[in-house]
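These notes are about the structure you will find just below.
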Amino acid sequence: MNRILVYGGHVIDPASGIDERLDVLVVDGRIAEVGADLAAPEGADLLAASGLVVAPGFVDLHTHLREPGQEHKETIASGARAAARGGFTTICAMPNTEPALDSAAIIDGMLQRAQDVDCRVLPIGAVSKARAGKELTELSALRDAGAVAVSDDGDAVADTSLARRAFEYLADLDIPLAEHCEDPAIAQGGVMHDGAVSARLGLRGQPAAAELSIVQRDIALAEAAGAQFHACHISTEPSLQAIADARARGLHVTAEVTPHHLYLTHDVVAGSSDELLYDTNAKVNPPLRTDSDVQACIDALAGGVVDAVATDHAPHAAIDKQCEFDAAAFGISGLESAWGVVNSLVIAGRLTLSDAIERLTIGPVRAWNLDQGALIGLGTLQVGAPADLTLLSTDAVSRVQPASWASKGKNTPLDGHSLIGLVAATISQGRIVWDGREQ
Ligand code: DOR
Ligand code: ZN
């Protein structure tokens, strides 16, 4: 029998309201007991957690793994290792692989390869075949193969009649359409936020209206169909307002924000070095926005209009970023810096520690109704729940050093930044998958 006693830590489990110094006993991949001064069973591994917060493992609703097709950017295994180091024990894998996750057989193959990696991988199926935006996939077959949501992320489902039919089918399937909210007719190939910085740099901008247009459309379509609309990586104040209004009307609308949209503005695109005019590592879709958008994202997260922090971990090879801005790939690798960013907001007094953990654990689980079947208790430390835990420092200063990351994607504009907080250890399905306590 495999046993681990995590002792002496400050346990925070937002789902059950626990916020005190306790021990956690793991037996055979499940939480067996949470209590004070638990005795270590014979043969148990002991994990000292004094000075650390013990939380449920983080759940990421938005991760890009590049397998199949672009394994030089990330494999399922390397992405899962990065997740473990970032405190994530469940990641939802976006379908923009090559080929796309657009059939039950391709999802099956992916799940096979994900079996023994360092975290749980839940697939997201494509909305349209090959993500081409023309023909719907067999949504019910994807759901039956394990898809926890469907998305054409990377692109919106731009064709409104296709989106309408997708929502109509999804109403009976009980999984959300996770929408990349960017109207291509408005974005028009913009490579950064349309504003003062894009004007100064002479780069084509995409306006906030590109996001709002799809948010409003999908609220209307989801309402008409009685389905769930999940808004991916929301980045602008007007979109957040529309989502808040829809939720206040009782619609099934959920939303996520990324660490980078909570922390960085479009000014970062201009880069900090004297030699370079811009930093391609800050090129991301949706783009980094204005300071008032960043503040609105933080407020919406703290106020509960946004259910989850999701990384949109988008690993790319160096060559995809070492080029002119227009040619560079969109995306930021985020799994291994997420906790430092979110905890830095806690330190700045913008979010309580318990809410920060909530938005990384039970928040995303509830948003997508993931705690079903073998996953009952996911995102919590309740007895019987999967033994997914992370041990967090909330005061250690950590420098973002992508060169030392497990992810193959070193692409982050946070390279060299100091953040407060680090992930000391992670247990996934009862196995210690990361232990950085001695490092
Ligand atoms: O920045 C992004 N990168 N945005 C997306 O929508 C897709 C992603 C990727 O797959 O690289
Ligand atoms: Zn994405």
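Here are the numbers:
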{"read-out": "Size of charge dipole - the chain - debye, nearest 20, with Cβ of Lys, Arg +1 and Asp, Glu -1, no other charges", "value": "240 debye"}
{"read-out": "Residue-averaged 222 nm ellipticity for the chain, from DSSP H runs of 4+ at -39500 (n - 2.57), nearest 500", "value": "-8000 deg cm²/dmol"}
{"read-out": "Debye, to nearest 20: dipole size of the stretch 81-146, +1 on Lys, Arg Cβ, -1 on Asp, Glu Cβ", "value": "240 debye"}
{"read-out": "Average Cα contact separation per residue, the stretch 390-439, under 8 Å, 6 or more apart, as relative contact order %", "value": "40 percent"}
{"read-out": "Unit charges at the beta carbon, dipole of the chain: most positive-side option, 381, 264, 17", "value": "264"}
{"read-out": "Length-normalised contact order of the stretch 303-439 in % [C-alpha pairs under 8 Å, at least 6 apart]", "value": "26 percent"}
{"read-out": "Relative contact order of the stretch 1-94, pairs being alpha-carbon contacts under 8 Å that are 6 or more residues apart, as %", "value": "27 percent"}
{"read-out": "Portion, in percent, of the accessible area of the chain that falls on carbon or sulfur, probe 1.4 Å", "value": "47 percent"}
{"read-out": "Residue range of the chain that is longest and free of GluC sites (Glu not before Pro) which are both DSSP loop and sparsely packed (at most 13 other C-beta within 10 Å)", "value": "136-274"}
{"read-out": "Out-of-range pairs (alpha-carbon distance over 25 Å; input 134/321; 283/410; 321/408)", "value": "134/321"}
{"read-out": "Packing rank of 101-114, 417-430, where each peptide gets the mean count of other beta carbons within 10 Å, highest leading", "value": "417-430, 101-114"}
{"read-out": "Within a Gaussian network of the chain (alpha carbon springs, distance under 10 Å), most fluctuating of 307, 174, 183", "value": "174"}
{"read-out": "Estimated Rh, the stretch 1-92: Kirkwood, alpha-carbon pairs, angstrom", "value": "14.9 Å"}
{"read-out": "Where the chain is the region considered: accessible area per residue in Å², 1.4 Å probe", "value": "37 Å²"}
{"read-out": "Qualifying trypsin sites (Lys or Arg not before Pro) for the stretch 129-170 [loop in DSSP, other Cβ within 10 Å: at most 16]", "value": "134"}
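The values are calculated or read from the model by the stated rules, or taken from the named source; none is laboratory data. Since this is a predicted model, take the numbers as computed values, not measurements. Quick reminder, even Gly has a Cβ in these numbers, built from the backbone with ideal geometry, and neighbours come from all protein chains shown. Areas reflect the complete protein model, heavy atoms only, side chains present, ligands, DNA and RNA absent. Shrake-Rupley method; radii C 1.70, N 1.55, O 1.52, S 1.80 Å.
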